[in-house]
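Worksheet: the structure to be examined is printed underneath.
The values are calculated or read from the model by the stated rules, or taken from the named source; none is laboratory data. In this text the structure is predicted, and so the values were computed from the model without any measurement. Note: ideal-geometry Cβ built from the backbone for every residue, glycine included; neighbour counts use all protein chains shown.
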Amino acid sequence: MKPFHLGFNPIYSEDAPTLDDISVLVDDSILEFGAPWCGHCKAAERAVEEALKKLTDLPHIKVYDGKGKKLGRAFKVTLWPTLILLRDGVEVVRLIRPTQAGEVQQLLAR
């Protein structure tokens, strides 16, 4: 399995993990789908960064999504950014287009 960034990750990686990589994750992690040119993603960046800045041990997997990207389609992502809280590789809850750190913190509290 590929190593994942812990804490806030400022870069959407085109080297996305596979669904198999995701399925073997243990504990909680955040999967974030978006694109570097997306205005909604840029607008959400500060809120996500603020919410995750103290959670340096929480894996934050930031995936460059788009047409034909398999991981985004597997999670049925249609809008960016989409943050998905995973527990042991399984989706618990998702948040679409957050604008405030409080929204992201509520996601993490679940």
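Can you find even one residue in the range 21-28 that is within 11 Å of the chain's Cα centre (by Cα), under 16 Å from Arg87 (Cβ atoms) and among the polar types (S, T, N, Q)? First the steps, then the outcome.
Step one: list which residues in the range 21-28 are within 11 Å of the chain's Cα centre (by Cα), which gives none.
Within the range 21-28, none of the residues are within 11 Å of the chain's Cα centre (by Cα), under 16 Å from Arg87 (Cβ atoms) and among the polar types (S, T, N, Q).
Working only within the range 39-62, note down all residues that are of a type outside the set (D, E, K, R) and buried (at least 19 other Cβ atoms within 10 Å of the Cβ).
Correct list: Cys41, Ala44, Ala47, Val48, Ala51, Leu52, Pro59, His60, Ile61.
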**Report entry** Residue in the range 76-99 that is among the charged types (D, E, K, R), free of Cβ contacts under 8 Å to residues at least 60 places away in the same chain and touching a Pro at 6+ places or on another chain (Cβ under 9 Å) present
**Finding:** yes
Requested in this report: Taking Gly68 as meeting all but one of (1) more than 23 Å from Gln100 (Cα to Cα); (2) touching a residue at least 12 places away in the same chain (Cβ under 8 Å); (3) exposed (fewer than 15 other Cβ atoms within 10 Å of the Cβ), write down the number of the exception.
Outcome: (2)
Query raised in the report: Is there any pair with a first residue in the range 1-18 that is more than 16 Å from Gly89 (Cα to Cα) and modelled with pLDDT of 65 or more and a second that is exposed (fewer than 12 other Cβ atoms within 10 Å of the Cβ) and of a type outside the set (A, V, I, L, M) whose Cβ atoms are under 8 Å apart and which are 6 or more apart or on different chains, and what are they?
Result: Gly7/Lys53; Gly7/Thr56; Gly7/Asp57; Phe8/Lys53; Asp15/Lys2
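Report yes if Trp80 is buried (at least 19 other Cβ atoms within 10 Å of the Cβ) and aromatic (Phe, Trp, Tyr), otherwise no.
Values: buried (at least 19 other Cβ atoms within 10 Å of the Cβ): yes; aromatic (Phe, Trp, Tyr): yes.
For Trp80, the condition - buried (at least 19 other Cβ atoms within 10 Å of the Cβ) and aromatic (Phe, Trp, Tyr) - is met.
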Query - Residue check, Gly89 in contact with a Ser or Thr (Cβ under 7 Å, 6 or more places away or on another chain), over 19 Å from Glu14 (Cβ atoms) and not basic (Lys, Arg) - result: yes
Query raised in the report: Any idea how many residues of the range 65-86 are more than 11 Å from the chain's Cα centre (by Cα) and under 17 Å from Asp20 (Cβ atoms)?
Result: 6
